[in-house]
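These notes are about the structure you will find just below.
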Amino acid sequence: MNAAMPHIAIDNVSKTFGSFAALQGITLDIPQGSFTTLLGPSGCGKTTLMRLIAGFDEPDGGEIRIDGVKVNGVPAFRRQTPLVFQEYALFPHMTVYENIAYGLKLQKTPREQIGRKMGEMLEMFGLTGLDNRLPKQLSGGQQQRVAFARALVMGQRVLLMDEPLSNLDAKMRVEVRSELRELQQRAGITAIFVTHDQDEALSLSDRIAVFDKGRIRQAGTPWEVYFKPDNAFVADFVGTANFIPGEVAGVEGTDVVVRCAPSLLRVDAGGRAFRPGDRVTLVVRPECISISAEEADGGVDAANSWSGEIVNSTFLGRLIRYRVRCGPLACIVDDADPSVRGFLRGAVRLRLDPGKIHVLPGEGGG
Amino acid sequence: MISSALRKTWMDIKKLKHEPALAVVIAAVLVTTGFFVLWPIVKVVSFPRPADYLQLFTNARWFQAALNSLFMTAISTLSCTAVAFLFAYAITRLDIPLKGLFRFVTLLPIVSPPFIVALSYILLFGRQGIVSKQLLQANFDIYGWHGLWLVQTVTFFPYAYAVIYGVLKTSAVHLEYAAHNLGATRWQVFRHVFLPLCRPGIAGGALIAAMNVLADFGNPMIIAGNFTLLPTEAYMQMSGWFDLSSASVLSTALLLPALGLFLANRVWVGRRSYVVVTGKESSLRAYPVPSYVKWGLFACCLFVALFVLAVYGVLFYGAFTKTWGYDWSFTLRNLKYVSAKGTELYNSIRYALFSSLAAAVLAMILAYLAERKRIGVNRLLDLLAILPGAVPGVFLGLGFAMAFNRAPFELTGTSAIMILALTFWNLPTCYSACLAGFQQIGRSLEEASLNLGAGSFRTFRSILLPLLKGPFLSGLAVSFLRSVTCLSVIIFIYSAHTSVGTVSILSLVQNGAWGGASAFTVVLISIAFAVLAATRLIPATQDRRSL
Ligand SMILES: Nc1ncnc2c1ncn2[C@@H]1O[C@H](COP(=O)(O)OP(=O)(O)OP(=O)(O)O)[C@@H](O)[C@H]1O
Ligand SMILES: [Mg+2]
């Protein structure tokens, strides 16, 4: 097998329900052994794409290839793409053991081999001793582990997961995340993971595909998606962002000078070509602005240093989030070390790090 | 639009080449069901010449029968719905004693032969009736429309009750509280909130009652007297003159309104869920009603309940009484009528067992294919499975008699035709039970099985079948009871060798042998329940009660 060939290739796939376009021209390569997350708001088509990959539905257009082989039309039970369902879909009339062993039995695995694999799985997922229970006699977390064990027991190289953690409580979700990531890397599985939780996506993935209304708005590493969003939708959906409208005043090498309401800012163009007079939008993450009390002398009024007035503040534990008015702009600013200073009030000074500002073409970021 | 739908259908059908065995099953089911459902209908409708149909309007007697059928359906539907609503309201909303009794009363008529109420009615109010002769010493003519109306109401209100109860049980009490909170009086809440919310349920219940009354054959046969109806008139034409053409015309005239009711039920209420708001069970207690209303309604329920109990009690009494009306002493003599008809009893049970089993299995397969497989012909399969539900029993029987009376499909007088007719008559009952079962099993369970590598058959066998045991058995049990107590379907197709218990009962009634008829009925029902008990199916009958 060619190393450069994606394990799963999704090529210009579209799907409509009646007249509703649930997926439009989706193209996405999923490399061997990678952890890819489909991220997007509710109803954007993530589950629909998963179902197409697993073969429960067929695309109306485009191709899906696994290991370079087109699988359109191949029935679900021949695809070897185990899926962990959001609601787990454990068979209610089978015990934990029977649920997990179901796939092995279908493959006519020899008895002693089933026993061995089952032992491993029960052990690995901490289900030992629960094997004779019915699903309804398990807690939510235990059910979820059964669902994972059932999908993994046959040792296939693909694992599909549709919001598998969404029924767990917040703390458990974070714990399971790292276990999941470790397991995937150890086994070298190609994983596709669906979520609408950006923290989950950022912390788990090698690559994230951000979906909106049946289209992919950006696909890239978590770092790219967070710091170099392709458009305002991605910037806004992944994390929190300030959108500052401006106009290109000049181009200097790879940098652009942008005139925005409080001042001129010189920022990296991010490889895009701009011309003076273009409308642009600056994307600034709240944690990329530092905040301090306005000094008595008014401080140095450098280009990247703005004075503002606190409108309100929210205590989030690990940080304080301020809403600050700077002339016509309203900015969200995070103070990441609140324990030192406590709450700020009244007039403040904001400092922007031009290296951390991302520029998007057009008003509203296109 | 149409061409794209056709394209989709074709795509779905093409996908079946991956599962050839499934394709074979689909083809087999489609051909068999289509043949046994459609062919008899076509035979009956196409048999008379167009001129014969005109007689419906020119022949005064037939025209009257048609009018009578519609009239009886209309008034019985009204009364059935009213009584059903009364019971449903009292049971779900009022804090009254004897609810267990009221529930029991709504179950009894569903599990007993269709004409049992008519028979009891004669024992109660007939010339030798216990009420008319002993209590009132009056002699009134009970045969005719008033009697039939009363009997139909008692017989069929439980069917409407089942539907209305389902709606009232889930209707949102908190909305009523909200309305009270906004200042509405009790009566205003009832009119503005409660009634509108249960309207679909009431409509559904009324339609079910109407379909049953319209198609009923047993009760009118026994007590309608000279008040002719379409089903009885069709039977007269057949049995009296062997006039196939006239019987076909009359049956077709019956089929049309039945189809209309059936369609109305599908379109208005059919698939729409009766559940009004959310799946969240409300634990709010109903807003209390004034006590005079409460006890007034209680008295009405009690009256109906006592009447229903009297109906069954008198039947039992009649079975062991020497000569009804003259000699009230205890006897077992009536059982000799029964022992003389051992073959008929045996046939009843045998045919009912085979046909309900066949119907349940076929229905399961049909429901699976129609509900779970995207195979392009889902709508067609669904239609074929429910269509017999729209066809009155008399029509279906006549259809089988006419469709299978010559080579290569010659079945006249055989057990096979009895079993086949009952099978397809029961198909919709089993099918809707199975369909509801499938709809309750999340689709993802099946997908999970496919996902793990199981093909269609394996998934059906190891996932769906075990989970569908409940609906399957309840369909089976209800069909079994329906078959044992069925008269309308088999009245046109039985022969000397294949006669069944209900036919014997009918002839005993027609000969005025009330004691024998009662005894036979009691024995028949007892055997039916004994069979159900032996197969542990009694609880299953409680699950499904409508249709
Ligand atoms: N079988 C179907 N018939 C019609 N519309 C459908 C069907 N399945 C999905 N849709 C529609 O397609 C869109 C995408 O659905 P999908 O389930 O893929 O969303 P999702 O991204 O998984 O959302 P969520 O995060 O809420 O699970 C939705 O608007 C949904 O209503
Ligand atoms: Mg989803």
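Selection over the range A:121-154 of residues that are assigned to a loop (DSSP other than H, G, I, E, B) and more than 14 Å from A:Glu98 (Cβ to Cβ) gives a count of 6. Scanning the range B:423-447 for residues that are within 14 Å of chain A (Cβ to nearest Cβ), in contact (Cβ under 8 Å) with a residue 12 or more places away in the chain and of a type in the set (Gly, Ala, Ser) yields a total of 1. When A:Asp67, A:Asp29, A:Asp11 are screened for being under 20 Å from the mean Cα position of the chain (by Cα), more than 25 Å from B:Arg443 (Cα to Cα) and more than 16 Å from ligand 2 (Cβ to nearest atom), only A:Asp29 passes.
Among the residues making up the range A:322-366, those that are of a type in the set (Val, Ile, Thr) and either at pLDDT below 85 or open to solvent by less than 20 Å² (accessible area, probe 1.4 Å) (or both) are A:Val324, A:Val333, A:Val340, A:Val348, A:Ile357, A:Val359.
Could we say that A:Ala191 is under 21 Å from A:Ile53 (Cα atoms) and more than 16 Å from ligand 1 (Cβ to nearest atom) here? Yes; evaluated as a whole, the condition is true for this residue.
The residues listed here are A:Gly188, A:Gly141, A:Gly250; of these, the one that is closer than 30 Å to A:Asp268 by Cβ, surrounded by fewer than 21 Cβ atoms within 10 Å (Cβ to Cβ) and more than 16 Å from ligand 2 (Cβ to nearest atom) is A:Gly250.
Search the range A:191-242 for residues being more than 23 Å from A:Glu87 (Cβ to Cβ), assigned to a helix (DSSP H, G or I) and small (Gly, Ala, Ser), and hand back the single one that is most open to solvent (accessible area, probe 1.4 Å). Checked the range A:191-242; the qualifying residue most open to solvent (accessible area, probe 1.4 Å) is A:Ser203. Name the single residue that is farthest from ligand 2 (Cβ to nearest atom) among those in the range A:164-184 being open to solvent by 20 Å² or more (accessible area, probe 1.4 Å) and touching a strand residue (DSSP E or B) at 6+ places or on another chain (Cβ under 8 Å). Looking at residues that are open to solvent by 20 Å² or more (accessible area, probe 1.4 Å) and touching a strand residue (DSSP E or B) at 6+ places or on another chain (Cβ under 8 Å), I get A:Arg181. Within the range B:451-480, being in contact with a Ser or Thr (Cβ under 8 Å, 6 or more places away or on another chain), open to solvent by less than 10 Å² (accessible area, probe 1.4 Å) and more than 10 Å from chain A (Cβ to nearest Cβ) holds for B:Ser474, B:Gly475, B:Ala477, B:Ser479, B:Phe480.
Yes or no, residue by residue, for (1) crowded, with 17+ Cβ neighbours inside 10 Å; (2) within 12 Å of chain B (Cβ to nearest Cβ); (3) more than 16 Å from ligand 2 (Cβ to nearest atom):
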position	(1), (2), (3)
A:Gln113	no, no, yes
A:Met118	yes, no, yes
A:Glu123	no, no, yes
A:Asp131	yes, no, yes
A:Arg150	yes, yes, yes
A:Leu159	yes, yes, yes
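The set of residues from the range B:364-395 being of a type in the set (Phe, Trp, Tyr) and under 16 Å from the mean Cα position of the chain (by Cα) comprises just one member, B:Phe395.
Can B:Val24 be described as over 20 Å from B:Thr232 (Cβ atoms), surrounded by 15 or more Cβ atoms within 10 Å (Cβ to Cβ) and modelled with pLDDT of 85 or more? It is false that B:Val24 is over 20 Å from B:Thr232 (Cβ atoms), surrounded by 15 or more Cβ atoms within 10 Å (Cβ to Cβ) and modelled with pLDDT of 85 or more.
Residue-by-condition table, conditions (1) part of a helix (DSSP H, G or I); (2) in contact with a helix residue (DSSP H, G or I) (Cβ under 7 Å, 6 or more places away or on another chain); (3) not polar (S, T, N, Q):
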| residue | (1), (2), (3) |
| --- | --- |
| B:Gly470 | yes, yes, yes |
| B:Leu476 | yes, yes, yes |
| B:Ile491 | yes, yes, yes |
| B:Ser499 | no, yes, no |
| B:Ile505 | yes, yes, yes |
| B:Leu508 | yes, yes, yes |
| B:Gly516 | yes, yes, yes |
| B:Ser526 | yes, no, no |
| B:Leu532 | yes, yes, yes |
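With respect to the conditions (1) closer than 18 Å to B:Phe125 by Cβ; (2) among the hydrophobic types (A, V, I, L, M, F, W, C); (3) touching a helix residue (DSSP H, G or I) at 6+ places or on another chain (Cβ under 8 Å), B:Val289 falls short on a single one, namely (1). The single condition among (1) more than 16 Å from ligand 2 (Cβ to nearest atom); (2) closer than 26 Å to A:Glu182 by Cβ that A:Gln86 does not satisfy is (1). Meeting the requirement of 1 or more residues that are crowded, with 23+ Cβ neighbours inside 10 Å and under 18 Å from the mean Cα position of the chain (by Cα), the helices (runs of 4 or more DSSP H) wholly within the range B:164-251 are B:195-215, B:218-223, B:230-241. Take the conditions modelled with pLDDT under 90 and over 18 Å from A:Pro6 (Cα atoms) and apply them to A:Val174. Does it pass? In short, yes. Could you go through the range B:127-146 and let me know if any residue there is at pLDDT 85 or above and either farther than 16 Å from B:Pro220 by Cα or surrounded by 24 or more Cβ atoms within 10 Å (Cβ to Cβ) (or both). No; the residues of the range B:127-146 include none that is at pLDDT 85 or above and either farther than 16 Å from B:Pro220 by Cα or surrounded by 24 or more Cβ atoms within 10 Å (Cβ to Cβ) (or both). Checked against the criterion of being surrounded by 13 or more Cβ atoms within 10 Å (Cβ to Cβ), at pLDDT below 80 and under 30 Å from the mean Cα position of the chain (by Cα), the candidates B:Val276, B:Val314, B:Val361, B:Val308 yield just one match: B:Val276. When the helices (runs of 4 or more DSSP H) confined to the range B:1-99 are screened for residues that are within 30 Å of A:Asp60 (Cα to Cα) and either among the aliphatic types (A, V, I, L, M) or more than 14 Å from chain A (Cβ to nearest Cβ) (or both), those reaching at least 2 such residues are found at B:2-15, B:20-46. With the checklist (1) farther than 29 Å from B:Ser488 by Cα; (2) free of Cβ contacts under 8 Å to residues at least 12 places away in the same chain; (3) assigned to a helix (DSSP H, G or I) in hand, flag the one item B:Phe460 doesn't pass. Among (1) farther than 29 Å from B:Ser488 by Cα; (2) free of Cβ contacts under 8 Å to residues at least 12 places away in the same chain; (3) assigned to a helix (DSSP H, G or I), B:Phe460 violates only (2).
The values are calculated or read from the model by the stated rules, or taken from the named source; none is laboratory data. Nothing here was measured: the structure is a model prediction, and the numbers come from that model. Cβ atoms come from the backbone with ideal geometry, glycine included; neighbour counts cover every protein chain shown. Please note that ligands, DNA and RNA were not included when accessible areas were found on the heavy atoms of the full protein model with its side chains. Shrake-Rupley method; radii C 1.70, N 1.55, O 1.52, S 1.80 Å.
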